[in-house]
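All of the numbers you see were taken from the coordinates with simple rules; none came from a lab. Keep in mind that this is a model prediction, so the values were computed, not measured. All Cβ positions, even for glycine, are placed from backbone atoms using ideal geometry, and neighbour counts span all protein chains on display.
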Amino acid sequence: MSDATQILPDMTPATAMIRTLGLIAAICGLIIVAAYQGTYSAVQENKRIAVERAVFKVVPAAKSIVEYFALADGELRKVGAGEMAPVGAVKFYAGYDEAGKLAGIAAEGAAKGYSDFVRILFSWDPVKNQVTGFSVVASRETPGIGDKITVDNDFLANFPLEAKPDGKALAHEIRTVKHSSKTNPWEIDAIAGATITSRAVGKAINDTAQMLLPRLAPHLEELKEKP
Amino acid sequence: MSQTTVSTWEEFMEGVWRQNPVFVMVLGMCPVLAVTVSGINALSMGVATTFVLVCSCGLISLLRKMIPKEVRIATYIVIIATFVTVVDYVIQAVSLALYDALGAFIQLIVVNCIILGRAEAHASKTPPLPAMTNALGMGIGFTIGLLALGCVREILGAGTLFGLSLFGTGFQPWVVMVLPPGGFFVLGAWLLVFAAWERRKQRKLAAQGGGVQHV
Amino acid sequence: MSESVAQIFINALLANNFVLAMFLGLCPFLGVSGKLDTAFPMGVATTFVMLVASLCAYGLNVLLTTFQLEFLRLISYIVIIASAVQLVEMVLKKYSPALFRALGIYLPLITTNCAVLGVALFQTAREYDFLQSLTFAIGGGAGFTLALVLMASVRERLQLSDVPSVAQGTALSLMLAGILSLAFMGFAGLGG
């Protein structure tokens, strides 16, 4: 009997499935691309403003910024629009004052704090070989405890910090030490009760500075004037 | 035979109250506890989730007759992921600070059980307009739940509400409230309050019902 | 990031436990942690899916960045995860039908487990390399299983206690989770 064919479950034929799935994929793809393109300029603008605000905060004399990659082979390269960092490159910002002279270098560092990562932007004075200050870019530290790194006067008095490039590394490793046990100008005195977050700041600065400063040293002359 | 079609208002209110995703169904907990450290974050997350809910349910409902049932879950997920990506970029364009505050949980809206659950249970069987109304109700219910948590945690843990300081500088914030354990405690407390309130309502109804029967 | 592999593992397992500190994977945490017998296999299954998802996400990310298709990241991750879960389901069904039946509806629900997508998203955001991603996934899964097992053990005991009926159910589980989370905060800084 032909009942056998009618007992079969109602399966969607493969071609219909592929056609429908293709249609849905096309619709979704279109929506995503439209959203991406539509918001692209606004997002880039937001990012630019955020970077500017952060850099101007740590390099107060700066009036304009040029972004660079310090590549693994020691060369410098200006960052193109929306360009991704090549492997092993460190991004830094050169801040220039109104006269076009170098006011300071700013770079990002990140290290694990109490909860999640603490991202900071720190500034380096290439003439005096000092880390002059830092500002927090993103942190989820405990309010009232970890976030004291931005307001605690004793902690902020740690800066400026000595950071002299010496060959492939720094002359002295930048370290956070226990509260009230700082003996050298390249050490950071932690905030009592907020040791973990303080250590994160020290580690963030050290990790980036170790990679960046030796690569910068040979290029300081060419960076002095705004290109 | 009179068929009571669920009115639009009932569709809407069902998500807000009777099947409130946070307090009744206890679904989609991950963002609820993670981002409710302040009122603003809670509100933004609620709005973002509502947007994704409404749009996904709308599109799924529109396409419901076409989606092959063997791969329906995967299709729903792809559609939901599409709108989450849209929300992700829109938030970045509006405010990078908000984007950083909400973090990975914007993209985690994709796996919010509420959205998939609604799509499977409701949007795949209902025409677009009622589906979207119900989704809107659910989203608003979710936002109310988020706000309830966010406001309590912000007031107790930081002494502010939506950034406005409430108690002045002498206030010692109850810091644990804005930390993970606080999230668990506050939600547990809210559920307790709801359970107690529900119990009282049942008792009242039972007393009334018993009274009528005795007549 | 310059985190060492050991640091990543310890952090994901204890100090930044996926469930108790990062709020990932709460639905199964509250739903499946009633009995120890189901909690442990669930944890292991989820860890396995997290591992697969982490590997695939790493590969996908390399592909997407090469072709500058970052906006497809979320969709491709979630599709991979859904497929990985399907795979695990089929493998379990064939080689361990008893376990497959025991886990029941919770197995496909691993797809919507924030922890799995969370692993993929976090390792991308933190720019971990291959070995770091692997360790992160294993540590995170182990942490998830640990939290699940702890919760299940206590909840089983609680069944024999005199808890006010108003508080029973999810409210109690949440209070319990809060205390566990508070305890795990003691691990802060362990990973160095």
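Please tell me which of these pairs span more than 25 angstrom C-alpha to C-alpha: A:Lys112/A:Lys182; A:Lys63/A:Lys203; A:Lys63/A:Lys178; A:Lys101/A:Lys168; A:Lys57/A:Lys148; A:Lys101/A:Lys128?
Exceeds cut-off: A:Lys63/A:Lys203; A:Lys63/A:Lys178; A:Lys101/A:Lys168.
Viscosity 0.890 mPa s, temperature 25 °C: what is the translational diffusion coefficient of the range C:31-75 from Stokes-Einstein with a Kirkwood Rh over Cα pairs, rounded to a whole number of µm²/s?
197
For the range A:159-227, report the translational diffusion coefficient in µm²/s to the nearest whole number, using Stokes-Einstein at 37 °C, 0.692 mPa s, and a Kirkwood Rh over Cα pairs.
251
With everything on Cα atoms, drop me the angle between helix C:170-184 and the longest principal axis of chain C, reported from 0 to 90° to the nearest 10.
Relative to chain C, helix C:170-184 is tipped by roughly 60 degrees.
Can you tell which of A:Thr208, A:Thr132, A:Thr39 shows the greatest fluctuation in a Gaussian network model of chain A with Cα springs below 10 Å?
A:Thr39
For the range B:1-146, take every pair of Cα atoms, bin their distances at 10 Å starting from 0, and report each bin as a whole percent.
Result, from short to long distances: 12, 43, 33, 10, 1, 0 percent.
If the elastic network links every pair of Cα atoms under 10 Å, which of A:Lys203, A:Lys178, A:Lys164 fluctuates the most in the Gaussian network model of chain A?
Sorting by GNM fluctuation, first place goes to A:Lys178.
More than 41 Å apart: what percent of Cα pairs in the protein assembly as shown qualify?
For the protein assembly as shown, the share of Cα pairs beyond 41 Å comes to 32 percent.
Going through the range B:27-71, which trypsin sites (Lys or Arg not before Pro) have at most 12 other Cβ atoms within 10 Å and a DSSP loop state?
Answer by residue number: B:Lys65.
Can you give the three extents of the C-alpha atoms in the range A:49-223 along their principal axes, from longest to shortest, in whole Å?
That works out to 43, 34, 33 Å along the principal axes.
For the range A:22-69, just run the numbers: alpha carbon Rg, then divide by 2.2 N^0.38 Å, N being how many residues it has.
The range A:22-69 yields a ratio of 1.83.
On each of the three principal axes of the Cα atoms of the range C:22-123, give max minus min coordinate, whole Å, ordered largest first.
Cα extents, longest axis first: 45, 32, 16 Å.
Distance from the Cα centre of the range C:95-112 to that of the range A:103-135, in angstrom?
Taking the Cα centre of each part, the range C:95-112 and the range A:103-135 sit 48 Å apart.
Give the Rg (one decimal place) followed by the Dmax (whole number) of chain C, computed from C-alpha coordinates and expressed in Å.
Every Cα atom of chain C included, Rg and Dmax give 17.3, 60 Å.
Tell me the angle of helix A:195-216 to the major Cα principal axis of chain A, expressed in degrees between 0 and 90 and rounded to the nearest ten.
Its long axis makes an angle of about 80 degrees.
Can you give me the angle between helix A:14-58 and the longest principal axis of chain A, using Cα atoms only, in degrees from 0 to 90, rounded to the nearest 10?
Compared with the principal axis, the helix lies near 10 degrees.
Is any residue of the range C:10-25 close enough, with backbone N under 20 Å, to a label point placed 7 angstrom from the Cα of C:Leu131 along the Cα-Cβ axis, and if so, which?
Only C:10-13 pass the distance filter.
Per residue of C:16-23, count partner chain C-beta atoms within 10 Å of its C-beta, then hand back the mean as an integer.
Whole-number average of other-chain Cβ neighbours for C:16-23 is 5.
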